[in-house]
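See structure below.
Quick note: the coordinates plus some simple rules give every number you see, no bench work behind them. Every value quoted in this text rests on a predicted model; they were computed, and no experiment measured them. Cβ: placed from backbone, ideal geometry, glycine included. Neighbour counts: every protein chain shown.
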């Protein structure tokens, strides 16, 4: 199994933030994943499952927690309208693959960074569509070390969550997608990518939307209305282009981002009475993890 030591984690996340990981493991199959996870669970030792790092904030300094990456688990297959892909497959590459083959229903997910495993774990979505929309089942590694399929209806999907997947390791997903003409699908993808480029601060490293959408409001609008757009702490800044993003404009640290997150939370709580909930995941060895 591929194994790296003393590796900068900023190279493994879209925020380009993070200290040095003592150990990162790269299983290439569900069986290898089960093996390495089983070893740590047998010792009752903690570990961190890592995908594409598109929704992750790593701490500064040395990170002793073992990191287990799905990035080498990228196999995918198709049988008619049924497609299956492993957790480490890059989400946007998978979407493009499907669209080119005339398999629709996922075109609005174009441009979402990260891997399918992370997308399933948090039920990622955009423009009114979610990764779970045409899902059949998710293959997972259970707490007791079994590899099994969980049907979509049993996953507990909701807005940016999949309750039944929280204690599992996501290994793969299976979807049933409608067959259609590829050309309109690819045209829709082009439109979605242009919209993302226009509205989102893709020119700076970030981890996407910082907060989940509060009921009855939008986090980005609340932050904008509170006058926080452009606010900066160290190298981290509330994006001037889209207030729902915190961007790394100048070698930001984890502490910079967390301080900015707390300012946004406290201001929105005091001004509007909303409690903003993080959408991004904080690595649990972070001293400021909440």
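Data overview
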read-out: Global geometry of segment 201-282, whether rounded, prolate or oblate, following the gyration tensor of its Cα atoms and the 1.5 cut on a/c; value: prolate
read-out: Taking 94, 48 and counting other C-beta atoms within 10 Å, the order from fewest to most; value: 48, 94
read-out: Fraction of beta bridges assigned by DSSP in segment 2-69 that are antiparallel (%, nearest 5); value: 45
read-out: Relative contact order for the chain, counting Cα pairs under 8 Å that sit 6 or more residues apart, in percent; value: 18
read-out: Computed over segment 201-282: relative contact order in percent, which uses C-alpha pairs under 8 Å that are six or more apart; value: 35
read-out: Shape of segment 2-69, Cα gyration tensor, a/c cut at 1.5; value: prolate
read-out: Estimated Rh, segment 76-185: Kirkwood, alpha-carbon pairs, angstrom; value: 13.8
read-out: Per-residue [θ]222 nm for the chain (sum of -39500 (n - 2.57) over DSSP H runs n ≥ 4, rounded to 500); value: -8000 deg cm²/dmol
read-out: Cα principal axis extents for the chain, largest first, Å; value: 51, 50, 30
read-out: Relative contact order computed over segment 79-178 (Cα-Cα under 8 Å; 6+ residues apart), in percent; value: 35
